[in-house]
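Working notes, structure below.
The values are calculated or read from the model by the stated rules, or taken from the named source; none is laboratory data. Keep in mind that this is a model prediction, so the values were computed, not measured. All Cβ positions, even for glycine, are placed from backbone atoms using ideal geometry, and neighbour counts span all protein chains on display. Ligands, DNA and RNA are stripped out before the accessible areas are found, and what is left, the full protein with its side chains, is counted by its heavy atoms. Shrake-Rupley method; radii C 1.70, N 1.55, O 1.52, S 1.80 Å.
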Amino acid sequence: SRLAELVHHRGGGFSLHLAMAADGDEEARREAKEVLDYYLGMLEDGDFSAFAAVDRDRLRDGAKQTSRWLGQNMTATTAELEAKRKELTDLAGQIIGRYGIAQKCKEMLESLDPERARSRSLEASETEKLQQVAADTLKWVQGHEDADCESLLARHREMESVVNPVLADEAVRNGAVTGKLYIRKDGTQHFEPDAKPPPPRLLLDRERNIAVIELDEAASDEDLKNIIDTMAVLTAKAAKGEINAAVLNVKGTGASPMLIGHMLRSGAFIVGLRSCVSAIVGCVTGRVVGPAWALLLGADYRIASSEVELHLPITTAPQCLHHIVGPAVATHLCMDAGTMSVTDALGLGIFHEVHPSADQASKAAFEMASRIAGFARNSTRLTMMALARDADEFVNSIQDNPKILYIPRESLDGHAQKEVRAVATVR
């Protein structure tokens, strides 16, 4: 009986193993058929009108033969399906790959035409290198119509090894940023640029009780935290407070959003700075876009140079925006798109002063901060507390609720359409 029981258990286990293996084979076969159907559908639905007639016929014949084979071999094994898929993809890759590489070479040569190349930031040696590799690759493809997929891929990699570094250098000259992008398990991203941005500077004038902060949008979170910590120590230790006002010199560069840290993106830097000093005089130069708006609007007195470029809409608005510039101007800043002149911004109350040059604007900001810091610290702080909003109202409200950039719009039928970015309805 023991021997019979052992045989029974072994036999049952063997049958279960066979069933699991059969299920696994069926799953692999189903996946192989789905892949073959996918490639077959691409060939049947593809537009090959630009191809030569002989190549179009080869692709159509290959798709018809594969479709006929599938109809005649409904129970084909996984290996047979994969072999048929390889046969089909080799045929398509040979023809489509050849045309794709040739088209890429032609487009590159057209983009390097003297008229079009004049608007690009390529050096003469780089232009010559790109023209040479594109012409050589095109000549090779046209002379090897029977080249297989592996040969085409090898030739394409060889061309990219020459083209990609040149295009990368051109992109960097045009403002692109190179670096490493890390994607965390929770889906958030962290970008580390290859070239570190210039660190912000903190300068102290103890005679006038003024701090001067110079920075741009690419300032790192660590550097900004160090500035806030230093300001907190200076304002807390001294009996009368060593820092009574701050000058915030912002050089707007229009940096890539990948370079913007959390301190500026969320408004935490402005909140911390306003908690340390009684008054902030802001001076902005360059391009005001993205986080530069938060730095500008976080100042109590705002000065600019005449060459400043103001880009709308603002995407880092403090919660108290409507208190700073008024509801009408706040709506205009959030809803309009394009650029705004410095003269218009001065008239709307966004700026208090505009000067011809960046040096003159910086000097005016320092002089205004000196006048403010000349008053008693307590008097200055009490006055600013009565005039300005609380520090915690300068967090970026758009980051938490991007819908602030959108307003409802009534459609022709009278019903409101949500999340439509518009300021008027055209009837």
Does the range 349-362 include one or more residues that are under 34 Å from the mean Cα position of the chain (by Cα), open to solvent by less than 70 Å² (accessible area, probe 1.4 Å) and free of Cβ contacts under 8 Å to residues at least 40 places away in the same chain?
yes
Just a yes or no: is a residue in the range 45-53 farther than 29 Å from Val133 by Cβ and under 36 Å from the mean Cα position of the chain (by Cα)?
yes
Counting residues that are of a type in the set (Phe, Trp, Tyr) and under 30 Å from Leu88 (Cβ atoms), which strands (runs of 3 or more DSSP E) fully inside the range 121-229 reach at least 2?
none
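Is it the case that Met263 is assigned to a helix (DSSP H, G or I), among the aliphatic types (A, V, I, L, M) and open to solvent by 60 Å² or more (accessible area, probe 1.4 Å)? Break it down stepwise before answering.
Details: assigned to a helix (DSSP H, G or I): yes; among the aliphatic types (A, V, I, L, M): yes; open to solvent by 60 Å² or more (accessible area, probe 1.4 Å): no.
When the stated conditions are applied, Met263 does not pass them.
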Selected residue [touching a Cys at 6+ places or on another chain (Cβ under 9 Å), closer than 27 Å to Glu367 by Cα and buried (at least 19 other Cβ atoms within 10 Å of the Cβ)] from Ala232, Ala246:
Ala246
Being at positive phi and assigned to a loop (DSSP other than H, G, I, E, B), is that true of even one residue in the range 315-336?
yes
Among (1) closer than 21 Å to Ser49 by Cα; (2) in contact with a Lys or Arg (Cβ under 9 Å, 6 or more places away or on another chain); (3) at pLDDT below 90, where does Ile101 come up short?
(3)
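This table checks each residue for (1) among the hydroxyl-bearing types (Ser, Thr, Tyr); (2) under 22 Å from the mean Cα position of the chain (by Cα).
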site	(1), (2)
Asp148	no, no
Pro165	no, yes
Ala168	no, yes
Tyr182	yes, yes
Asp186	no, yes
Ala195	no, yes
Leu204	no, no
Counting only residues that are without any contact (Cβ under 8 Å) to a residue 24 or more places away in the chain and open to solvent by 40 Å² or more (accessible area, probe 1.4 Å), which one in the range 294-330 is nearest to Ile398 (Cα to Cα)?
His322
Filter the range 28-39 for residues that are modelled with pLDDT of 85 or more and within 29 Å of Ala102 (Cα to Cα); which is least open to solvent (accessible area, probe 1.4 Å)?
Leu36
Hey, can you tell me all the residues within the range 266-293 that are out of contact with any His (no Cβ under 6 Å at 6 or more places or on another chain), open to solvent by 20 Å² or more (accessible area, probe 1.4 Å) and over 17 Å from Ala245 (Cβ atoms)?
Ala268, Val271, Thr285, Gly286, Arg287
Of the conditions (1) over 25 Å from Ser370 (Cβ atoms); (2) surrounded by fewer than 22 Cβ atoms within 10 Å (Cβ to Cβ), Glu214 clears all except one; give me its number.
(1)
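Inside the range 56-111, can you point out the residues that are of a type in the set (Val, Ile, Thr), assigned to a helix (DSSP H, G or I) and either exposed (fewer than 14 other Cβ atoms within 10 Å of the Cβ) or in contact with a helix residue (DSSP H, G or I) (Cβ under 7 Å, 6 or more places away or on another chain) (or both)?
Thr66, Thr78, Thr89, Ile95, Ile101
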Quick check on my filter: what residues within the range 181-232 are in contact with a Pro (Cβ under 8 Å, 6 or more places away or on another chain) and of a type in the set (S, T, N, Q)?
Ser220
Quick one: what pairs do we get from the range 106-132, first residue more than 17 Å from Asn174 (Cα to Cα), second not in a helix (DSSP H, G or I), C-beta under 6 Å, 6+ apart or different chains?
Leu130/Leu112; Gln131/Leu112
Which residue pairs have Cβ atoms closer than 7 Å, lie 6 or more positions apart in sequence or on different chains, and pair a first residue in the range 33-50 that is farther than 14 Å from Gly93 by Cβ with a second residue that is in a helix (DSSP H, G or I) and open to solvent by 100 Å² or more (accessible area, probe 1.4 Å)?
none
Name the pairs whose Cβ atoms lie under 9 Å apart, with the first residue in the range 152-173 and closer than 27 Å to Ala195 by Cβ, the second in a helix (DSSP H, G or I) and open to solvent by 80 Å² or more (accessible area, probe 1.4 Å), and 6 or more positions between them or separate chains?
Val162/Lys129; Val162/Gln132; Val163/Lys129; Val166/Lys129
Within the range 151-188, can you find the residues that are open to solvent by 70 Å² or more (accessible area, probe 1.4 Å), of a type in the set (Lys, Arg) and farther than 21 Å from Met258 by Cβ?
Arg157
